[in-house]
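Undergrad: Structure in structure tokens, see below.
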Amino acid sequence: MAPNITSTPTGVPYGNSILESKQMDLNEGEEKKPAPEYKRQIVWRNVLLFAYLHFAALYGAYLMFSSAKILTSIFAILMYQVSGLGITAGAHRLWSHRSYQARWPLRVLLMVFNTLAFQNHIFEWARDHRVHHKFTDTNADPHNATRGFFFSHVGWLMVRKHPDVMLKGKQIDLSDLERDSVVQFQKKYYLILMPVLCFLIPTCIPVYCWGETWKNAWFVATMFRYTLTLNISWLVNSAAHMWGNKPYDKFINPAENLSVAVLALGEGWHNYHHVFPWDYKTAELGTYSTNFTTAFIDFMARIGWAYDLKTVPLEMVKRRAQRTGDGTHSSAAEQNHG
Ligand code: ST9
Ligand code: ZN
Ligand code: ZN
């Protein structure tokens, strides 16, 4: 266990359970005006860019098994993990949920890793993600999974947002992100930092460090690696909102999905995460093999760069599982055996 772990069930910003969130929403008073009419508006520039990206990634996968050097493939996989941590440990667990605190060297490191992943700057990512938690699977959720697998996976990035996203998104408090100098620095220089870190450097390293061809470096280390990381992240919004058990709350779509958890460095335990979003493990158990991000944060806590790791008392988890779970939680078996 990492040091500095606190069980903080209440009073944690951006960590309300979804039921509490929905309640807060009602308390704040719903819009009385009729919602503006929604018409789907396709953004063809994004459609074309994503089409290119996916064809280029498929070609990259082919080159991996034909002409690329083994070091280039290892480098691509390593970059998926490193950039993935920029999303999971950075944009998600630190900046969206504040499920732990990070000293400045870790915040800078995670900002660099995050820029490598190019999933928009941290401020925009965290804004969309907080809106996703507060209005899960409604029109105000940017990747509303009730609109189908394709929409929640990638379609939402190819159309203009539903007006409810902007309207209800205004209720979200982002003042902590506005005060965070690392987040603001990345936002200000994103259009310079992102192309350099996501595309230029990962293409140059294989060429200059081990004599890879420009073609292999571009298609394997950059196109394949970037598209793989994107699709794995998107699976959390699509697959983990559709398939899996619901031990903690059977009334919501997010589910426990082992395959997504392994691929997404621990982010597939999505039923737990939507019920207890302030837990730095985004899962009940901190098993490292299915939660690489927890291992990373625990290591950072050991060297003193991460602290105030928040989690949930076991009794609270059990009580919730017994009250709203689908019966697949381990405590359900205990209960049945008296
Ligand atoms: C990408 C993101 O891929 C992926 C996110 C994945 C999330 C996963 C989460 C799951 C949990 C964690 C798991 C991690 C697993 C990782 C594993 C790794 C191994 N609230 O957006 P605009 C307002 S990105 C409040 O332009 P349009 C705001 O005023 C890929 N207000 O809307 C805003 O202006 P500004 C690369 C909001 O015009 C204005 O509206 N990037 C909110 O409808 C306009 O906003 C791309 O492909 C809100 N939530 O355009 C870019 N949102 O920003 C794709 C907006 O100035 N994006 N407002 O304040 C776009 O091109 C556009 O956003 C659009 C919508 C076309 C989609
Ligand atoms: Zn979350
Ligand atoms: Zn979700």
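The values are calculated or read from the model by the stated rules, or taken from the named source; none is laboratory data. Keep in mind that what you see is a predicted model, and the values were worked out from it rather than measured. Here the Cβ positions follow ideal geometry from the backbone for every residue, glycine too, while neighbour counts run over all protein chains shown.
Undergrad: For the range 141-155, which positions are within 16 Å of ligand 2 (Cβ to nearest atom) and closer than 16 Å to Ile252 by Cα?
TA: We begin by selecting, within the range 141-155, every residue within 16 Å of ligand 2 (Cβ to nearest atom); these are 141-145, 152.
Across the range 141-155, the qualifying residues are Asp141, His143, Asn144, Ala145, Ser152.
Undergrad: Leu106 - would you say it is within 13 Å of ligand 1 (Cβ to nearest atom) and in contact with a strand residue (DSSP E or B) (Cβ under 9 Å, 6 or more places away or on another chain)?
TA: The answer is no for Leu106.
Undergrad: Also, I was wondering about something else. Exactly one of (1) assigned to a helix (DSSP H, G or I); (2) more than 20 Å from Asn257 (Cα to Cα); (3) not basic (Lys, Arg) is unmet by Gly304. Its number?
TA: (1)
Undergrad: When the range 241-283 is examined, which residues are found to be part of a loop (DSSP other than H, G, I, E, B), away from ligand 2 (no atom under 14 Å from the Cβ) and among the charged types (D, E, K, R)?
TA: Within the range 241-283, Lys246, Asp249, Lys250 meet the criteria.
Undergrad: Okay, next question. So if I check each of Leu230, Leu174, which one is surrounded by fewer than 20 Cβ atoms within 10 Å (Cβ to Cβ), at pLDDT 95 or above and not β-branched (Val, Ile, Thr)? Walk me through how you get there before you give the answer.
TA: Working: Leu230 fails: surrounded by fewer than 20 Cβ atoms within 10 Å (Cβ to Cβ).
Going through Leu230, Leu174 in turn, the sole match is Leu174.
Let's see how each residue does on (1) surrounded by fewer than 16 Cβ atoms within 10 Å (Cβ to Cβ); (2) basic (Lys, Arg); (3) under 20 Å from Ile87 (Cα atoms); (4) in contact with a Gly (Cβ under 6 Å, 6 or more places away or on another chain):
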| residue | (1), (2), (3), (4) |
| --- | --- |
| Arg127 | no, yes, yes, no |
| Arg147 | no, yes, no, no |
| Phe150 | yes, no, no, no |
| His153 | no, no, yes, no |
| Trp156 | no, no, yes, no |
| Val165 | no, no, no, no |
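Undergrad: Now a separate question. Under 8 Å between Cβ atoms, at least 6 apart or on separate chains: pull out the pairs that start in the range 61-73 with a residue that is closer than 7 Å to Val220 by Cβ and end on any residue that is hydroxyl-bearing (Ser, Thr, Tyr) and assigned to a helix (DSSP H, G or I).
TA: Met64/Thr72; Met64/Ser73
Undergrad: Conditions: (1) among the β-branched types (Val, Ile, Thr); (2) in contact with a helix residue (DSSP H, G or I) (Cβ under 8 Å, 6 or more places away or on another chain); (3) part of a loop (DSSP other than H, G, I, E, B). Thr294 meets all but one. Number of the miss?
TA: Checking Thr294 against (1) among the β-branched types (Val, Ile, Thr); (2) in contact with a helix residue (DSSP H, G or I) (Cβ under 8 Å, 6 or more places away or on another chain); (3) part of a loop (DSSP other than H, G, I, E, B), the one that fails is (3).
Undergrad: Within the range 282-295, can you find the residues that are surrounded by 24 or more Cβ atoms within 10 Å (Cβ to Cβ) and touching a residue at least 40 places away in the same chain (Cβ under 8 Å)?
TA: Thr282, Thr293
Undergrad: Sticking with this one: Scan the range 43-52 for residues that are more than 9 Å from ligand 1 (Cβ to nearest atom) and either of a type outside the set (Gly, Ala, Ser) or not in a helix (DSSP H, G or I) (or both) and jot them down. Working first, answer last.
TA: Our first condition is that a residue be more than 9 Å from ligand 1 (Cβ to nearest atom); within the range 43-52, this holds for 44, 47-48, 51-52.
Hits for the range 43-52 are Trp44, Val47, Leu48, Tyr52.
Undergrad: All but one of (1) under 14 Å from the mean Cα position of the chain (by Cα); (2) within 11 Å of ligand 1 (Cβ to nearest atom); (3) closer than 17 Å to Ser96 by Cα hold for Ile122; which doesn't?
TA: Status for Ile122: all satisfied but (2).
Undergrad: Got a number for residues in the range 57-105 being outside any loop (DSSP other than H, G, I, E, B), over 17 Å from Leu228 (Cβ atoms) and small (Gly, Ala, Ser)?
TA: Number satisfying all stated conditions: 6.
Undergrad: While we're on this one: Any chance the range 222-242 includes a residue that's over 30 Å from Tyr59 (Cα atoms) and either β-branched (Val, Ile, Thr) or more than 10 Å from ligand 1 (Cβ to nearest atom) (or both)? Even if it seems obvious, please write down each step before you answer.
TA: Of the range 222-242, the ones over 30 Å from Tyr59 (Cα atoms) are none.
No.
Undergrad: Any residue in the range 231-247 that's charged (D, E, K, R): show its pairings with residues that are away from ligand 3 (no atom under 13 Å from the Cβ) and modelled with pLDDT of 95 or more at Cβ separation under 8 Å, as long as the two are six or more apart or on different chains.
TA: Lys246/Gly325; Lys246/Asp326; Lys246/Thr328
Undergrad: Only one of these conditions is not met by Phe113: (1) more than 13 Å from ligand 3 (Cβ to nearest atom); (2) closer than 22 Å to Leu53 by Cβ; (3) not in a helix (DSSP H, G or I). Which number is it?
TA: So Phe113 meets the others, but not (3).
Undergrad: From the list Ser331, Ser289, which residue is at pLDDT below 95, touching a Lys or Arg at 6+ places or on another chain (Cβ under 7 Å) and hydroxyl-bearing (Ser, Thr, Tyr)?
TA: Values: Ser289 fails: touching a Lys or Arg at 6+ places or on another chain (Cβ under 7 Å).
Selected residue: Ser331, the only one of Ser331, Ser289 that is at pLDDT below 95, touching a Lys or Arg at 6+ places or on another chain (Cβ under 7 Å) and hydroxyl-bearing (Ser, Thr, Tyr).
Undergrad: Do you know which residues across the range 271-286 are of a type in the set (S, T, N, Q) and more than 13 Å from His133 (Cβ to Cβ)? Talk me through it step by step, then tell me what you get.
TA: Initial filter on the range 271-286 (of a type in the set (S, T, N, Q)): 271, 282.
Scanning the range 271-286 gives a single hit, Asn271.
Undergrad: Out of Asp249, Asp308, I need the residue that is among the charged types (D, E, K, R), closer than 25 Å to Gly90 by Cβ and either modelled with pLDDT of 95 or more or away from ligand 1 (no atom under 16 Å from the Cβ) (or both). Which one? Show your work before the answer.
TA: Numbers: Asp249 fails: closer than 25 Å to Gly90 by Cβ.
Result of the check over Asp249, Asp308: Asp308.
Undergrad: Something else about it: Could you tell me whether any residue of the range 154-170 is away from ligand 3 (no atom under 15 Å from the Cβ), of a type in the set (A, V, I, L, M, F, W, C) and free of Cβ contacts under 8 Å to residues at least 40 places away in the same chain?
TA: The answer is yes; a qualifying residue exists.
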